[in-house]
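Colleague: What follows is a structure written as C-alpha cells; I'll ask about it next.
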Amino acid sequence: MRIGIIGAGAMARALGDGWAAAGHEVLVGARSATAAGELAAAIGGRAGSIRDAAGFGDVVLLALPVDALDEVLRTADGLLAGRTVIDCTNAFAPDAAAPEGVTAFVLSEDAVAERIAAASGAHVVKAFNVCAAEVWESETRVFEGRRLAVPLCGDDPAAVQRVATLVEDLKLQPLSAGGLHRAKYLEAVSVFTVGLWFAGQDARAIFPPLDAAFAVAD
C-alpha cells in the first residue's frame, strides 16, 4: 500500500518503520519539514508536506498531538475526504485530582476520532492508541502465549479491512471492536490503563483470559 504519515514523532517512527520494512511505500509529512525529512530517511520512506502525505495513497496515519489536529486538518482541507485514516491519537491531560507525586491522566476531550471524521469526511479507523510507541517498535509480539491485539473501531468495512491488513503486516492481531462511535471507549481505556502502568500497576491483571471469562445475563 501507499501510506501517508502525518507526524514525525515516536508513533510515526514506530509504525512507519514497520510498514516500510513490510514493503509498503511511505511518505512522511509534518509541520516541521526538517523532522519529516529526518524520519523519512530513517525509515526508508519519502518526505513531503502535510498535504503531500494527506493525498498520497491508500491510507493516512495521523500520528500527532491532539492539540495539533485542528491546524493539520485545516492544512489538509479536502484531501482526506473518502480516504482511510488511522487515528492513533490520545487526548491525555494530567489528572489534577491525583495525589501529590502520583502520575495520572484524564481525557481532555472525548471522542477525538469522531471529531476527525466529522471535520475531514475521512473513513476514520481508531487503532494503535492503547499502547505506547515503544511497544509497537519492539520485536516482541507474543505475551503469555497470546499475540498482542490491536482493537479497531470504524464504520467503513473496506477501511477497517485495510487497517487490519496493516496490523497483520506488523505481526499483530487485529481485533474488531465495533463502529467509530465506540472509539471513545478505546480512548478511555487508553487513558485508564496508561495511568495504571505509570503507577506501576499491572493493567493486564484486571481481566482473566477468554477461556476463564464468563458472565450470566441479568
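The values are calculated or read from the model by the stated rules, or taken from the named source; none is laboratory data. What you are looking at is a predicted structure, and each value in this text was computed from that prediction instead of being measured. Backbone-built Cβ (ideal geometry, glycine too); neighbour counts: all protein chains shown. The accessibility values were calculated without ligands, DNA or RNA, using every heavy atom of the protein model including side chains. Shrake-Rupley method; radii C 1.70, N 1.55, O 1.52, S 1.80 Å.
Colleague: What's the number of the only condition in (1) under 23 Å from A159 (Cβ atoms); (2) part of a loop (DSSP other than H, G, I, E, B); (3) open to solvent by less than 50 Å² (accessible area, probe 1.4 Å) that D77 fails to meet?
Modeller: Failed condition: (3).
Colleague: What number goes with the only condition from (1) small (G, A, S); (2) within 19 Å of the chain's Cα centre (by Cα); (3) part of a loop (DSSP other than H, G, I, E, B) that A183 does not pass?
Modeller: Single failed check for A183: (3).
Colleague: Got a sec? Which of A40, A20, A35 is under 20 Å from V135 (Cα atoms) and either buried (at least 16 other Cβ atoms within 10 Å of the Cβ) or touching a Leu at 6+ places or on another chain (Cβ under 6 Å) (or both)? Give the steps one after another, and end with the answer.
Modeller: On the way: A40 fails: under 20 Å from V135 (Cα atoms); A35 fails: under 20 Å from V135 (Cα atoms).
One residue alone meets the criteria, A20.
Colleague: If only one of A158, A177 is surrounded by 15 or more Cβ atoms within 10 Å (Cβ to Cβ) and modelled with pLDDT of 95 or more, which one is it?
Modeller: Numbers: A158 fails: surrounded by 15 or more Cβ atoms within 10 Å (Cβ to Cβ).
Going through A158, A177 in turn, the sole match is A177.
Colleague: Now for a separate question. Looking only at the range 1-16, filter to residues that are out of contact with any Gly (no Cβ under 8 Å at 6 or more places or on another chain) and surrounded by fewer than 19 Cβ atoms within 10 Å (Cβ to Cβ); which one of those is nearest to A47 (Cα to Cα)? Even if it seems obvious, please write down each step before you answer.
Modeller: Narrowing the range 1-16 to residues out of contact with any Gly (no Cβ under 8 Å at 6 or more places or on another chain): 7-15.
The next check asks that each one be surrounded by fewer than 19 Cβ atoms within 10 Å (Cβ to Cβ); those that pass are 9-10.
On the way: G9: 14, A10: 16 Å.
By that ranking, first place goes to G9.
Colleague: Take the residues in the range 48-68 that are in a helix (DSSP H, G or I) and β-branched (V, I, T), then tell me which one is surrounded by the most Cβ atoms within 10 Å (Cβ to Cβ).
Modeller: Taking the range 48-68 first, the residues in a helix (DSSP H, G or I) are 50-54, 66-68.
Retained after the next criterion (residues that are β-branched (V, I, T)): 50, 66.
Numbers: I50: 24, V66: 20.
The selected residue is I50.
Colleague: Can we say E139 is assigned to a loop (DSSP other than H, G, I, E, B) and charged (D, E, K, R)? Outline the logic, then answer.
Modeller: Values: assigned to a loop (DSSP other than H, G, I, E, B): yes; charged (D, E, K, R): yes.
Considered against the rule, which asks whether it is assigned to a loop (DSSP other than H, G, I, E, B) and charged (D, E, K, R), E139 comes out as yes.
Colleague: Quickly run through the range 187-202 and pick out the residues that are aliphatic (A, V, I, L, M) and either under 18 Å from F143 (Cα atoms) or under 18 Å from the mean Cα position of the chain (by Cα) (or both). Lay out the reasoning, then the answer.
Modeller: Going through the range 187-202, the residues aliphatic (A, V, I, L, M) turn out to be 188-189, 191, 194, 196, 199.
A188, V189, V191, V194 - these are the residues of the range 187-202 that are aliphatic (A, V, I, L, M) and either under 18 Å from F143 (Cα atoms) or under 18 Å from the mean Cα position of the chain (by Cα) (or both).
Colleague: Now a separate question. With (1) surrounded by fewer than 20 Cβ atoms within 10 Å (Cβ to Cβ); (2) in a loop (DSSP other than H, G, I, E, B); (3) at pLDDT 95 or above as the list, and A215 as the residue in question, which single condition is left unmet?
Modeller: For A215, the exception is condition (3).
Colleague: Of all residues in the range 80-121 being open to solvent by less than 70 Å² (accessible area, probe 1.4 Å) and of a type in the set (D, E), which is nearest to M1 (Cα to Cα)?
Modeller: This residue is D87.
Colleague: Now a separate question. Against the condition open to solvent by 60 Å² or more (accessible area, probe 1.4 Å) and not in a loop (DSSP other than H, G, I, E, B), how does E71 come out, does it pass?
Modeller: Numbers: open to solvent by 60 Å² or more (accessible area, probe 1.4 Å): yes; not in a loop (DSSP other than H, G, I, E, B): yes.
The answer is yes for E71.
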